[in-house]
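Taking it in order: structure first as structure tokens, then the write-up.
The values are calculated or read from the model by the stated rules, or taken from the named source; none is laboratory data. On a predicted model such as this, the values are computed, not experimentally measured, just so you know. In this analysis, Cβ positions are derived from the backbone assuming ideal geometry, glycine residues included, and neighbour counts consider all displayed protein chains. Quick note on the areas: whole protein, heavy atoms, side chains included, nothing else; ligands and nucleic acids left out. Shrake-Rupley method; radii C 1.70, N 1.55, O 1.52, S 1.80 Å.
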Amino acid sequence: MQQDTLLQIAKDFGSPIYVYDAHKIESQYQRLTKAFQDVNQLKIHYAAKALTNLSVLKFVAKLGAALDTVSVQEVQLGLRAGFSPDQIIYTPNGVSLKEIETVAELVVQINIDSLDLLEQFGTKHPKTPVCIRINPHVMAGGNTNISVGHIDSKFGISIHQMPLLLRIVENTGMTINGLHMHTGSDILDIDVFLYASEILFETAKKFKDLTFIDFGSGFKVPYKTNDIETNIEELGEKLSHRFQQFCDNYGRELTLAFEPGKFLVSQSGYFLTKVNAIKQTTSTVFAQVDSGFNHLIRPMLYGAQHHIENISNPEGKERFYSVVGYICETDTFANNRRINEISEGDILAFHNAGAYCFMMASNYNSRYRPAEVLWYQGQAHLIRNRETLDDLLHNQVVVEL
Ligand SMILES: *Cc1c(COP(=O)(O)O)cnc(C)c1O
């Protein structure tokens with residue numbers, strides 16, 4: 001997005017504020033579908049948890065995407081946004097049988113990732129087709145917090161438990177209509193992904209009633225300059241071919257599914273903050289903004305490096321800053337970062353603020369969560385109001401003891 005557009009949005013709607021460029025979501029969606037155009041039946045489930053604003057959900061639905069959900073609440077929001085139940089897949093982890101049953105009653109595709117729940121669900125509802133989440137034990141990326149395919153991961157049913165899984169399916173008489181994997185959020189090496197896919201294909205041969213195979217996500221997008229990103233085009237070329245070949249052998253046309261979150265929305269997002277003060281210490285120059293990890297926790301939680309631009313002074317001389325927030329706790333956004341000279345009142349734009357940013361925001365320090373704006377065809381649409389004191393008071397029950 002243009003810097004002056006972002007600046008105008010900060011002026012019109014105030015700061016801090018999240019801005020999403022719908023065109024970027026659209027172009028990423030098209031890039032993905034184009035990369036897999038040789039697949040006869042392709043289904044892209046947008047991972048709702050990345051950014052669950054209803055207007056964004058409606059927009060991705062309009063693009064033709066289906067939805068990936070991880071909670072009954074996300075399912076309900078998806079239905080509210082206009083997705084039909086058959087366009088939603090539900091991939092929970094560690095939830096109760098009761099929640100799974102609630103979602104199944106909505107006729108949403110269930111994806112089960114534990115043998116215990118598979119047996120319980122299959123025994124009670126043998127007629128409801130179920131997808132199973134496999135853990136192929138392939139490491140994606142190097143960060144064990146975001147890699148979920150490793151041996152100690154709580155996600156998925158281990159590939160080594162296949163004999164017991166097959167016995168449960170046989171004993172309950174249930175139907176397995178899909179296989180799924182999601183190895184984590186850091187796929188750099190396409191060969192590793194293809195290797196995991198082979199494990200899924202091998203497993204798929206054991207099931208006769210499949211209608212789809214879901215390869216999850218974990219597509220990496222660049223955050224900082226020279227960052228490596230998943231080569232979607234290369235993956236598309238290789239996996240599409242292999243998938244169609246598998247379908248031929250399997251004897252039926254299957255749907256190839258993905259569930260990208262970050263890939264679709266990360267780069268669409270900008271988080272705009274205003275600089276409250278510049279504070280020089282003996283060791284650094286702090287730029288203190290009107291936000292903190294209460295609004296954007298990824299740098300503190302994952303060490304994520306969000307590129308930061310001073311859109312109020314884009315031509316200014318570059319200097320080194322530590323960008324920090326206003327929370328009464330260490331809330332460093334960036335350390336020793338080269339940014340165009342910053343003055344009090346300047347607006348700093350954080351890039352890659354579309355995925356897992358607003359969604360992880362909290363009211364810590366009793367601060368309001370930011371407003372959200374969706375930018376499309378030259379217009380800024382407010383899609384979430386900034387909170388007010390009423391939001392902080394809502395649900396509080398005051399007792400005088
Ligand atoms: C979070 C999640 C995704 C999306 O991952 P991204 O890295 O944002 O693309 C997909 N599938 C499942 C099951 C998830 O939990």
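Here are a few things to note about the model shown:
- With N the number of residues in the chain, Rg(Cα) / (2.2 N^0.38 Å) evaluates to 1.06.
- The phi torsions of region 313-322, fed into the Karplus equation with coefficients 6.51, -1.76 and 1.60 and a -60° offset, translate into couplings of 9, x, 9, x, 4, 7, 9, 9, 9, 9 Hz, rounded to whole numbers, with Gly and Pro shown as x.
- Residue-normalised accessible area of region 1-75, given per residue in Å² at a 1.4 Å probe: 39 Å²
- Peptides 287-298, 353-364 ranked from most to least packed give 287-298, 353-364, packing being the mean of other C-beta atoms within 10 angstrom over each peptide's residues.
- Its Cα gyration tensor gives region 266-387 an equivalent ellipsoid. The semi-axes, each the square root of 5 times an eigenvalue, are 23, 18, 13 Å from largest down.
- Each residue of region 29-34 is assigned a 3J(HN,Hα), and the resulting list reads 4, 5, 4, 5, 5, 5 Hz, derived from the Karplus form 6.51 cos²θ - 1.76 cosθ + 1.60 (θ = phi - 60°), x at Gly and Pro.
- If you plug the beta carbon distance of His394 and Met359 into 1/(1 + (r/R0)^6) with R0 = 25 Å, you get a FRET efficiency near 0.85.
- Long-range HN-HN contacts of Gln109 with modeled amide H, under 5 Å: Ile88, Tyr90
- Protection proxy ranking for 234-247, 122-135, using the average of other Cβ atoms within 10 Å per residue and placing the highest first: 122-135, 234-247.
- Within the chain, helix-based [θ] at 222 nm, where runs of 4 or more DSSP H residues each add -39,500 (n - 2.57), nearest 500: -9000 deg cm²/dmol
- A cut-off of 5 Å between modelled amide H atoms, ignoring neighbours fewer than 5 places along the same chain, links Ile383 with Glu372, Val373, Leu374.
- Pairwise centroid distance, computed over Cα atoms, of region 44-104 with region 305-337, Å: 35 Å
- Region 243-278-region 361-393 distance, computed between alpha-carbon centres (Å): 25 Å
- Above 26 Å, the calculated P(r) of region 180-299 contains 42 percent of its Cα-Cα pairs.
- Relative contact order (%) - criterion: Cα under 8 Å, at least six apart; region: the chain: 19 percent
- Close amide-amide hydrogen proximity is noted between Val285 and Ser322, each under 5 Å apart and 5 or more residues distant or on a separate chain (H modeled in the peptide plane; Pro and chain starts excluded).
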